[in-house]
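Every read-out reported here was derived from the displayed coordinates using simple, explicitly stated rules and does not represent laboratory data. Computed from a predicted model, the values in this text were never measured in an experiment. Cβ: placed from backbone, ideal geometry, glycine included. Neighbour counts: every protein chain shown.
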């Protein structure tokens, strides 16, 4: 159980809050590589409670800047993309990808007023088929490099555009392994018969273990039939799940976007096969089929319960926009959830004492080793695929830019 004050501390991501300061010490995905193009050069992005515009200028540079023009506040989503940047449609104020104001056309020809204006802007880099940004103080840490995405070809990227709840509810659901045997008893693909819907398949579980590591939490489950699964939660919001990396990006304190990056593990390593020119496939994994009406929130929304992912959406969103953790009664199987909260509180306090948070990497050559092990039983395949509608195929990028 947490107090209301502790709950607010670890859930808020708004600018100027302790939790928001923590999240701004990390790189986060903000969009797919296909989100901006010559034909569609601007896209609205909301992340960590800030309204921004991702744009691609006519020279090919990609920027991420505050949505509201520094002049009179009109949206730059409707700006005119130029060779040097993006010009506000209202009065033509021109900004480059770094937020420098290059022109104020309505001012006198010899005016230097534009030199006094600095628009809020964040750096943008490409990696793993996504655009990433860093929104914190300099110097920026290294961008994340993850073993499964370095060792194998990235073949697909999926995005759930919006879940109507705080990011921590989604992350805690990923950490929690006990719920799989109860909530997903009829959707997880296990062949074992369910003798009691109250107990589900929990009696098939031998043990669950959670252990803090330098970059996050190792979670391990062992079934009585010998199946073992071990994976890594990477602080603060990434999870290795078998053949993909899931990243929970807060839109704001009550909404979350989920990016999933899939590695072609079955196709063999990059070292064995060399670089691939095959395009990355992109999938929209919307919640439209999960609940009706699609844009409703609990209790107005009715959730489907016939697929695993829909069941997860239900439990995460029906806790409310921010779960009232002061009303909880944690039990022994909630050790992973309790550990995550302890780390969050500790790292927020540590940050404000001047230390780098857990998970921040400064060495650009460092590769996060996810230590994942899966010993299969013979009855089911555990490799997962994106569960959405394919929206495009884009040539694979050649790395960071």
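Among 156, 191, 142, the largest mean-square fluctuation in a Gaussian network model of the chain, built with springs joining Cα atoms closer than 10 Å, belongs to 191.
Helix 335-351 and the longest principal axis of the C-alpha atoms of the chain enclose an angle of approximately 30°.
In region 222-339, what is the volume of the convex hull around the alpha carbon atoms, normalised per residue and reported in Å³?
Numbers: hull volume 22.1 nm³, N = 118.
Roughly 188 Å³ of hull volume per residue.
Here r is the Cβ-Cβ distance between residue 220 and residue 300 and R0 is 45 Å; the resulting FRET efficiency, rounded to 0.05, is 0.70. The separation of region 83-135 from region 234-263, counted between C-alpha centres, amounts to 30 Å. Kirkwood radius, region 27-134, all distinct C-alpha pairs, inverse of mean reciprocal distance: 13.8 Å.
If I stretch the segment between residue 59 and residue 265 completely, what's the gain in nm (0.36 nm per residue apart, minus their alpha carbon distance), one decimal?
Values: separation 206, 0.36 × 206 = 74.16 nm, distance 3.59 nm.
Taking 0.36 nm per residue and subtracting the Cα distance, the gain is 70.6 nm.
Rounded to whole Å, give me the distance from the Cα center of region 17-31 to that of region 275-351. Cα centroid of region 17-31 versus Cα centroid of region 275-351: 18 Å apart.
The C-alpha atoms of region 147-394 occupy a region whose extents along the principal axes are 50, 49, 40 Å, arranged from largest to smallest. Listing 101, 69 from fewest to most neighbouring C-beta atoms within 10 Å gives 101, 69. Multiplying the residue separation of residue 390 and residue 39 by 0.36 nm and removing their Cα-Cα distance gives an extension gain of 124.4 nm. With respect to the chain, whose longest principal axis is taken over its alpha-carbon atoms, helix 308-317 is tilted by about 70°. Remark: 291, 345, 112, 118 ranked as 112, 118, 345, 291, counting other beta-carbon atoms within 10 Å and listing the fewest first.
Looking at the chain as a GNM with Cα springs under 10 Å, which of 317, 347, 326 has the largest mean-square fluctuation? Residue with maximal mean-square fluctuation among 317, 347, 326: 326. When each of 286, 12 is scored by the number of other beta-carbon atoms lying within 10 Å, the sequence from fewest to most is 286, 12.
Here r is the Cβ-Cβ distance between residue 138 and residue 110 and R0 is 25 Å; the resulting FRET efficiency, rounded to 0.05, is 0.15. Our estimate of slack between residue 8 and residue 194, defined as 0.36 nm per intervening residue step minus the Cα-Cα distance, is 63.0 nm.
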